[in-house]
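So the structure is just underneath, and the comments pick up after that.
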Amino acid sequence: MLHHNLFVAGVPATGKSWLGQWLAQKHGYVDVDAERAGGEDFDRAGIHSEWDDLISAGRAPKLVTAIARLSNPVIIDWGFPTRFLYVVCALQAEGVQTYWIHAERHLARQAFINRGGIDVQLDRKFKLLLHLPSSNRRPLAFRTCPPSGTVNGDRSTMTCSPWVPPRR
């Protein structure tokens, strides 16, 4: 059976970490949970500096080369902030298979709450704030401008195209 290096992202509490652990136990993958404290999984796999290079430079050749030196395939799971979409593009450019795990919002949210991933009281206050009349709210603006590409596509695949800054 051919094993591929994988990058898995998605909604919190949809099973990213579980999938990595399962692949490690059943199929010999090196499981790297990018959210584990201090990057200890990257240290254990010996690819921490290469990961840091990807994050800072927006290119993945060093990371993919370091992973290729390992005796087992790697799965990296990360519930990343959208400002890091360029990481997906860089990994895809180097042939890493990328996947987005999605679930029904209410089910994922309940699983997230059940595992202690959210302060329920703070969440209720935030919901009340969202229901204030618009005159009492300040607008929130988000902009994601990855340095090497943007993500286009449906929920199951992500393909990248060059990002062109807007003209001023």
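The values are calculated or read from the model by the stated rules, or taken from the named source; none is laboratory data. Bear in mind that the values here come from a model prediction, so they are computed numbers and not experimental data. In this analysis, Cβ positions are derived from the backbone assuming ideal geometry, glycine residues included, and neighbour counts consider all displayed protein chains.
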Checking the condition among the charged types (D, E, K, R) and part of a loop (DSSP other than H, G, I, E, B), which residue from ARG44, ARG83, ARG59 passes? ARG59
Scan region 22-49 for residues that are in contact (Cβ under 8 Å) with a residue 24 or more places away in the chain, touching a strand residue (DSSP E or B) at 6+ places or on another chain (Cβ under 7 Å) and either farther than 17 Å from PHE80 by Cβ or of a type outside the set (Gly, Ala, Ser) (or both) and report the count. 8
Looking at PHE84, is it touching a strand residue (DSSP E or B) at 6+ places or on another chain (Cβ under 7 Å), more than 16 Å from GLN21 (Cβ to Cβ) and not charged (D, E, K, R)? no
Condition check for PHE7: surrounded by fewer than 21 Cβ atoms within 10 Å (Cβ to Cβ) and hydrophobic (A, V, I, L, M, F, W, C): no
Specify the residue that is farthest from GLY79 (Cα to Cα); the eligible residues are those in region 10-42 that are of a type in the set (Gly, Ala, Ser), out of contact with any Asp or Glu (no Cβ under 7 Å at 6 or more places or on another chain) and modelled with pLDDT of 90 or more. GLY28
All but one of (1) outside any helix (DSSP H, G or I); (2) within 20 Å of PHE84 (Cα to Cα) hold for ASP53; which doesn't? (1)
